[in-house]
Amino acid sequence: MARRALTTAAAAFAATAALLLTACGGGDDSSSDDIKGAGDSSPGPAASKSPAAPGVKRPVIKLPDSFQLTFENWTSSDPVERAVLDDGKEQLRAGYEAIIENDPDSKDRAFYDTKNGFLQSRQWIRSYTDKNLTVIGTLPVFDPKVTLSKDKTAASLSYCTDESKASTRNRKTGEVKGNPAGTDPEVFYMISMGKSPQGVWQAVSAHSERGGCPK
């Protein structure tokens, strides 16, 4: 099974523009002046392989070698939980793709968000792009956990990230920054998700807490 986290309002996003590696587009509860992040070199799940929506064509998410996202134990024997994990993974990858491509209106990210969820995501993405920042390095994503509603049409996905080997880079100056000294590199995320009529698990809202991962 995998490891992960849940909900916040758009107002929290404005505060989050302070910039931490708030990977899922959720607001971060702690303050910081820098963001950290990393991309994923592994391919996303093929559209035809999703247990929840076998006929849906998903976007192909591409991240450069300069940004590596790694997913630890990102699987489940339960097919519905596995579908949540698959789409949650791609939602995260699509967010970093949008940052790297300097595209706050990313259609790939919007595919994995509800309408309100994408309003949050766009604010998170712009917290980088408005400051001419991209992300580099390696970002492990681990300890995923899925909780399903009784009717299995809603879920919460929680996980942790480790930002110790990830940084931001200014597109204009080339300046590279990591989190300030003494900052806990681990961030806990909770993503509230719902299943679309097409069977895609989409993010409704997100919440993050620096230092909130189980020790």
Report task. For a quick protection proxy, order the peptides 185-195, 62-72, 169-179, 84-94 by their average other-Cβ count within 10 Å, most packed first. Result -> 84-94, 185-195, 62-72, 169-179
Requested in this report: Tally up the carbon and sulfur contribution to the accessible surface of region 96-154 as a whole percent, 1.4 Å probe, everything protein left in place.
Outcome: 50
Report task. Could you state how much accessible area residue 126 has, in square angstrom rounded to the nearest 10, with a 1.4 Å probe and all protein chains kept in place? Result -> 110
**Report entry** Point-to-point label distance, residue 116-residue 170, nm (Cα→Cβ direction, 7 Å offset)
**Finding:** 3.8
Report task. Multiply the residue gap between residue 198 and residue 103 by 0.36 nm, knock off their C-alpha separation, and tell me the result in nm, one decimal place. Result -> 31.7 nm
Query - Segment residue 78-residue 184, extension gain: residue separation times 0.36 nm, minus the distance between their alpha carbons - result: 34.9 nm
Query raised in the report: When all protein chains stay in place, what accessible area (Å², nearest 10, 1.4 Å probe) is found for residue 74?
Result: 30
Query raised in the report: Using a 1.4 Å probe, how large is the accessible area of residue 101, given in Å² and rounded to the nearest 10?
Result: 110
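The values are calculated or read from the model by the stated rules, or taken from the named source; none is laboratory data. Since the structure is predicted, the reported quantities are computational estimates derived from the model, not experimental observations. Note that we place each Cβ from the backbone using ideal geometry, even for glycine, and neighbour counts take in every protein chain shown. With ligands, DNA and RNA removed, areas are computed over all heavy atoms of the protein, side chains included. Shrake-Rupley method; radii C 1.70, N 1.55, O 1.52, S 1.80 Å.
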